[in-house]
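Nothing in this text is a laboratory measurement; each read-out follows from the coordinates by a stated rule. Values in this document were obtained by computation on a predicted structure and should not be read as measured data. Positions of Cβ are generated from backbone atoms using ideal geometry, with glycine treated the same way; all protein chains shown enter the neighbour counts.
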Amino acid sequence: FDFVAPVNVMFEVRAARAGAVYLWDDHWENGHYNPGNSSEANFILIKDTSTTPTSYQLYLHLAQNSIPAALKQTGAPVVQGQVVGLADDTGMSTANHLHFQVHTEASLWGNSVDIQFRDVPINGGRPRVAADLPYCTWPGDVCTQTQTTYTALCTGDGHPPTGGITAPSD
């Protein structure tokens, strides 16, 4: 899944599930692009042993030095909803976004598993936009409805994030 903000800005990325840091890299400069090497991107890979089989959450295209210091070691615990970095456009990317993938292989790339999001009300929790429809061709894909925007309920209490802008002043 690729997630973007309404405008091309960096945004906080929060852990979808708890786990432990398996791999990470955030030394590539923001906007770094090498079309010949998809591994030149900042990322964090979180191992989740609560699933069977064990799964790995990949958060890709993060901003340089945006992974919190406490998460820059293998085995560091990650709690659901914890900030794991800022979405940027490092690697094979043309705009700020988060590439989020879950797979069952202990590497950056593997066979994706079907994931559903509790806060997505369509397609059994699978977010889809209209541009996805031509690609909804594999057996078992749930791709009958689309939305243009989604709001993550990362707080875990079932309510959308709230708040106001307090800085900078007008």
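Brief remarks follow.
- Signed unit charges on C-beta, dipole axis of the chain, positive-most listed residue Ala95, Ala131, Ser50: Ser50
- Max-minus-min Cα coordinates of region 71-146 on each principal axis give 41, 27, 24 Å, with the largest extent listed first.
- Distance between region 51-73 and region 80-118 - C-alpha centres, whole angstrom: 8 Å
- Out of every Cα-Cα pair that the chain contains, those further apart than 29 angstrom amount to 19 percent.
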